[in-house]
Amino acid sequence: MKQQLSLFLVLGIASVWFLTACQSDKGDERAAATAPTVRMKGQSAVIDPDSKPNILQIALNSPDHTTLVEAVKAAQLEDVLTNAGPLTVFAPTNEAFAQLPQGTLEELLKPENKQTLARIIKFHAAPGKFSEQMLRDGMDLFMASGHYVKVEKKPDGTYVHGAKILSTVEASNGLIHVVDKVMLPPELQ
């Protein structure tokens, strides 16, 4: 009788354990089914709603920079734009990308052209924080690509490598100067 009681007790505990395990598996399946399918990685995946947005977050939320964001993702440079910086980015608008010769953007976005695309994007970024007032006429500004670009002050505004600064947005990790032209490194012109 004692053995039967012990057997029933063991079977009862095992049944409760089994049912609990099955329920938690279903909960895990439900959580997995509702989890976002976007693969987040690196520093760019950090979400901090209490801090001022960084350069990447500002670009992601700008309807005028969807092409730039697509190019940054294709070149896998998202984390660079979220680093502490400071960094000054000259951000071409969608209209600026549309000025490229037909088929150029599509060709650059191909995986086999990732290095070239990354070089072009880095040609739009300067280490440091350079307000428009700090950019002096005739100045050579060092870019993350290793090139220098010429700054020109004209009556109608400030130009960097021929691209006019249309507006400026401050980010937690630097500045974004919205520009009207895609700037190409000398070897790609």
Q: Just one of (1) surrounded by fewer than 16 Cβ atoms within 10 Å (Cβ to Cβ); (2) touching a residue at least 60 places away in the same chain (Cβ under 8 Å); (3) among the polar types (S, T, N, Q) trips up S172, so point out which.
A: (1)
Q) Do we have any residue at all in segment 174-188 that's at pLDDT 95 or above, touching a Leu at 6+ places or on another chain (Cβ under 7 Å) and not in a strand (DSSP E or B)? A) yes
Q: May I ask you to list the residues in segment 56-104 that are in a loop (DSSP other than H, G, I, E, B), surrounded by 15 or more Cβ atoms within 10 Å (Cβ to Cβ) and among the hydrophobic types (A, V, I, L, M, F, W, C)?
A: A75, L77, L100
Q. Residue check: is Q102 modelled with pLDDT under 95 and at positive phi?
A. no
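Residue-wise test of (1) touching a residue at least 60 places away in the same chain (Cβ under 8 Å); (2) closer than 22 Å to L188 by Cα; (3) touching a helix residue (DSSP H, G or I) at 6+ places or on another chain (Cβ under 6 Å).
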{"residue": "V69", "(1), (2), (3)": "no, yes, yes"}
{"residue": "N83", "(1), (2), (3)": "yes, no, no"}
{"residue": "A96", "(1), (2), (3)": "yes, yes, no"}
{"residue": "L117", "(1), (2), (3)": "no, yes, yes"}
{"residue": "A125", "(1), (2), (3)": "no, yes, no"}
{"residue": "D137", "(1), (2), (3)": "no, no, no"}
{"residue": "F142", "(1), (2), (3)": "no, yes, no"}
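Results for (1) assigned by TED's automatic domain parsing to the domain that holds Q57; (2) in contact with a strand residue (DSSP E or B) (Cβ under 8 Å, 6 or more places away or on another chain); (3) hydrophobic (A, V, I, L, M, F, W, C), shown as yes or no for each residue.
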position: T82; (1), (2), (3): yes, no, no
position: A91; (1), (2), (3): yes, yes, yes
position: L141; (1), (2), (3): yes, yes, yes
position: P155; (1), (2), (3): yes, no, no
position: T168; (1), (2), (3): yes, yes, no
position: L184; (1), (2), (3): yes, no, yes
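The values are calculated or read from the model by the stated rules, or taken from the named source; none is laboratory data. Treat the numbers as computed from the prediction; the structure is a model and nothing was measured. Heads up, the Cβs are rebuilt from the backbone with ideal geometry, glycines too, and the neighbour counts pull from every protein chain shown.
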